[in-house]
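Any read-out appearing in this document is the output of simple, stated calculations on the displayed coordinates, not a laboratory observation. As the structure is a prediction and not an experimental result, all values here were calculated from the model. Cβ atoms come from the backbone with ideal geometry, glycine included; neighbour counts cover every protein chain shown.
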Ligand SMILES: [Zn+2]
């Protein structure tokens, strides 16, 4: 299988195998008109298997969302068919409207216009807690 | 302008200031009787909690201020579907400070983010209740003369008891506190609270047997073991007596033990203990009013 290389755009590489579709949805890539390639189960010397997403436009990738879903992924920025920047990801300190609080006693369960805000409370264990009720998010 | 939503927003210095202020109010009530003249406290109680509301209202009246508000959601604009944010914004036009009780966790935080006046969390579901914790800290300070070097026993429902979690978190910041956690297996302290103890290298023991640890305790904090927390009636009946404090169980206790309870009590402390000088739970209620007075003064920045 061959995917054309892109001229100006983004390559999200080293995605944990199986997570590409989730990332595609969370980043809102379905709303793009340009070509987007989602490649699954590419063999990788480092990872065994990985997924890759290629976006054929200069798109603003929300690094917080990507860092939360798959902190091991890398974002390569391509201009004139050359990689001009490579971004490493970090777990974001705060997530807004990415995950939803599932605690039925949380104020967000009755006031649905409130932004869903989660804060990173344990970096090692990757624990995010709802800002309102402090319930830990489960993946 | 600041609010109080979670006890951990106050550092130990600020807690000491509040305790000192409360002690000064207790010693010189007249000095404070006009401090909040012309100021209004709005008590927004979206669920009934008579004791907490009366404590806040008595606190404001004793500072010379006034009180307005409601005591249940049915009589409020929330019944018409108003959001917490709008309630906070409109109340900011009428009052100088808000005390909010709400069944949903996080509601007072939403109010604080939208109000232009200070908001005090007066209990949000099973989540936070910082003025209860301040009450407990003032009581410990007054009874023991210190907040460090103490062996503190918690007995009963340690799983769902928010007052317990919050007091443990607050006490974790003082030196040489040893926690003794007494509960049935089903109602042990949740692991995330224990994590805090481990992280801070605090000593704790867990047991199901109150009598065996009684002689060590400086403080015994009793809580209610509720029937609805058990899967079946048999377990409840089998266990409930182990966590009821009766006079004979105090035979091995220290002479200066302080027995505390957030109230209301059902039967977990027998009424015969009320006349024991070690019983502090009614003093706790009174302390609650004084620490709320100190907090209102602090948040309103009244000297
Ligand atoms: Zn929540």
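Looking at the protein assembly as shown only, what percent of DSSP beta bridges run antiparallel? Nearest 5 please. In the protein assembly as shown, approximately 45 percent of DSSP beta bridges are antiparallel ones. Label-to-label distance, residue A:42 versus residue B:242, with points set 7 angstrom from Cα along the beta-carbon direction: 5.9 nm.
Region B:1-56 and region B:95-166 have their alpha-carbon centroids 12 Å apart. Going from the residue with the fewest nearby Cβ atoms within 10 Å to the one with the most, B:222, B:113 rank B:113, B:222.
Taking only C-alpha pairs under 8 Å that are 6+ residues apart, what is the relative contact order of region A:1-101 in percent?
Dividing the mean separation by the residue count of region A:1-101 yields 35 percent.
Which of these, B:160, B:179, B:230, has the largest mean-square fluctuation under a Gaussian network model of chain B (Cα springs below 10 Å)? Most flexible of the set in this elastic network: B:230.
Listing A:30, B:157 from fewest to most neighbouring C-beta atoms within 10 Å gives A:30, B:157. The GNM of chain B, with springs linking C-alpha atoms under 10 angstrom apart, assigns the highest mean-square fluctuation among B:250, B:138, B:158 to B:250.
Computed over the protein assembly as shown, the per-residue total of -39500 (n - 2.57) for DSSP H runs of n ≥ 4 gives a 222 nm mean residue ellipticity of -8500 deg cm²/dmol, rounded to 500.
Compute the long axis of helix B:84-94 from its Cα atoms, compare it with the longest principal axis of the Cα atoms of chain B, and write down the angle in degrees, 0 to 90, nearest 10. With both axes taken from Cα atoms, the answer is about 60 degrees. Normalising the Debye intensity of chain B to I(0), with uniform scatterers on Cα atoms only, and taking log10 at q = 0.09, 0.12 Å⁻¹ returns -0.45, -0.80.
Which stretch or stretches of region B:67-111 have amide N atoms under 18 Å from the point lying 7 Å from residue B:47's Cα along the Cα→Cβ direction? Residues passing the 18 Å test: B:70-79, B:84, B:99-111. Alpha-carbon geometry of the protein assembly as shown: the Rg and the Dmax are 26.8, 86 Å, given in that order.
Of B:228, B:14, B:268, the residue with the greatest mean-square motion in the GNM of chain B, using alpha carbon springs below 10 Å, is B:228.
Region A:1-135: D in µm²/s via Stokes-Einstein (Kirkwood Rh, Cα pairs, 37 °C, 0.692 mPa s)? Estimated via Stokes-Einstein, D reaches 202 µm²/s.
Rounded to the nearest 0.05, the FRET efficiency derived from the C-beta distance between residue B:86 and residue B:61 at R0 = 25 Å is 0.35. Each Cα pair under 8 Å and six or more residues apart adds its separation to the average, and for region B:1-117 the resulting relative contact order is 29 percent. Note on residue A:136 and residue A:119: their simple-model spin labels are 1.7 nm apart, each label 7 Å out from Cα toward Cβ. Of the residues B:282, B:70, the one with the fewest other Cβ atoms within 10 Å heads the list, and the complete ranking is B:282, B:70.
Here the simple spin-label model places points 7 Å from the Cα toward Cβ, and for residue B:234 and residue A:81 these points are separated by 7.8 nm.
Remark: relative contact order (region B:131-284) = 25 percent; criterion is Cα-Cα distance under 8 angstrom and separation of 6 or more residues. Relative to the longest principal axis of chain B, what angle (0 to 90°, nearest 10) does the C-alpha long axis of helix B:281-299 take? Long axis of B:281-299 versus the principal axis of chain B: about 40 degrees.
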